[in-house]
Amino acid sequence: MNREAWLAALALALVVGAAGLALAAPNALAERTDETVRPSVLSLQDPRVAAGEVGGERAELSLDVRMEHRGGPADNVTVELQAVDTDTGLVAATVRKELGRIEGNREVRSRVNVTVDRQGGYRLYVRVYEDGRRVETGSTTVSGVDSLTPDYAETTVGFHRFGDGPASIPVISYEVAEAADNRTTLRTGTYLTNRGDEPAGGLRLVVTARQVESNVVADRATVEIDEIGPGQTVTEAAELTVPSNYNYYLDGILFRDGVVVESATAPAKLDPTRPVPENTTREEVDFQAGDFERDAGDGGDAGATPMPTDAGGASGPGFGMVGALAALLALAALAARRHQ
């Protein structure tokens, strides 16, 4: 057999052998794609934190977890989120979320929520598992969780503040409407602004006159807040009748569904010779408790402003029954001392 015939027979044998192998094992010569060759790769990006539902004692932290996936399918993917108290180092909460099977070259996004105590700060650890094997880790820190406003106290209406300087317009202004018989009626105006994009209402404003040196509440008035348009500022009026020749703090307290949402204070000087103190000095003041008692002979509660249920106590100027009882006890003690 010549050389050419030998080479032709060998080539024919190779072709027949390859065909037989293909028939016996169809997948033996199949072309393998890149997706089946490359292993799965999950790459965790920096997590971002937002506030979820916020209550009085607990707050929800919501993490936006994003991962880049490359390569073949990733099976049984699990994201674990652990919150550790930054003050104590103790684990506050741990949650896990099953993502299942991830395929294709794409970004995978998932939101994982963890509920913690509404106090201090937390270190949030994110761990990614594939088939029970940890493949990625990340972390971020949040602080000031106690500063989050509970959902029940959220409102877009608040006191309009003009500045902190001594010459700034006060949040609560006043004018003397009437003065007689050692009683002065103050007509107050409180500035409220809706900072939201929608009308807001359903609020109640309580304005009190608190004597500076004693902190005795001389009078109190309640105003129901009508609807305030977005971006608008209104002035809510209220009248308070207080003993003359004293200085007062005018306190404004804003309620929503029985919850205090904001407060403000402004001075009212009815005794110009005695300035409102700024907690820097002490002086002896001629304070007459009797000035703050109701005079039963002039009609008692007639014309008095009722006290709101949120604050409790008596309404109108003075101590009321509590002051009268204290005076009786003082007289009894004085009589007993003289008898001895």
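Kindly indicate whether residue 204 is closer than 18 Å to residue 266 by Cβ, surrounded by fewer than 22 Cβ atoms within 10 Å (Cβ to Cβ) and touching a residue at least 12 places away in the same chain (Cβ under 8 Å).
Values: closer than 18 Å to residue 266 by Cβ: no; surrounded by fewer than 22 Cβ atoms within 10 Å (Cβ to Cβ): yes; touching a residue at least 12 places away in the same chain (Cβ under 8 Å): yes.
The answer is no for residue 204.
I need the full set of residues from segment 101-141 which are over 19 Å from residue 74 (Cα atoms), in contact with a Ser or Thr (Cβ under 9 Å, 6 or more places away or on another chain) and of a type in the set (A, V, I, L, M), in order please.
112, 114, 124
Could you check, for segment 69-92, whether at least one of its residues is over 15 Å from residue 145 (Cβ atoms), open to solvent by 20 Å² or more (accessible area, probe 1.4 Å) and within 20 Å of the chain's Cα centre (by Cα)?
No.
Please give the number of the condition residue 122 fails out of (1) open to solvent by 80 Å² or more (accessible area, probe 1.4 Å); (2) touching a helix residue (DSSP H, G or I) at 6+ places or on another chain (Cβ under 8 Å).
Result: residue 122 passes all but (1).
Of the conditions (1) open to solvent by 60 Å² or more (accessible area, probe 1.4 Å); (2) acidic (Asp, Glu); (3) in contact (Cβ under 8 Å) with a residue 40 or more places away in the chain; (4) within 20 Å of residue 257 (Cβ to Cβ), residue 213 clears all except one; give me its number.
So the condition that residue 213 fails would be (4).
Hey, any hits in segment 133-152 for a residue that's open to solvent by 40 Å² or more (accessible area, probe 1.4 Å), touching a Lys or Arg at 6+ places or on another chain (Cβ under 6 Å) and free of Cβ contacts under 8 Å to residues at least 12 places away in the same chain?
Taking every residue of segment 133-152 in turn, at least one turns out to be open to solvent by 40 Å² or more (accessible area, probe 1.4 Å), touching a Lys or Arg at 6+ places or on another chain (Cβ under 6 Å) and free of Cβ contacts under 8 Å to residues at least 12 places away in the same chain.
Where in segment 133-191 are there strands (runs of 3 or more DSSP E), lying wholly inside it, with at least 2 residues that are in contact with a helix residue (DSSP H, G or I) (Cβ under 7 Å, 6 or more places away or on another chain)? Lay out the reasoning, then the answer.
On the way: elements: 133-142, 157-159, 172-180.
Qualifying strands (runs of 3 or more DSSP E): none found.
Within segment 231-275, restricting attention to residues that are within 25 Å of residue 214 (Cα to Cα) and of a type in the set (S, T, N, Q), which residue is surrounded by the fewest Cβ atoms within 10 Å (Cβ to Cβ)?
Only one residue tops the list, namely 273.
The values are calculated or read from the model by the stated rules, or taken from the named source; none is laboratory data. In this text, all values refer to a predicted model and were calculated from it rather than measured experimentally. All Cβ positions, glycine included, derive from the backbone under ideal geometry; neighbour counts span all protein chains shown. These accessible areas exclude ligands, DNA and RNA; they are computed on the full protein's heavy atoms, side chains included. Shrake-Rupley method; radii C 1.70, N 1.55, O 1.52, S 1.80 Å.
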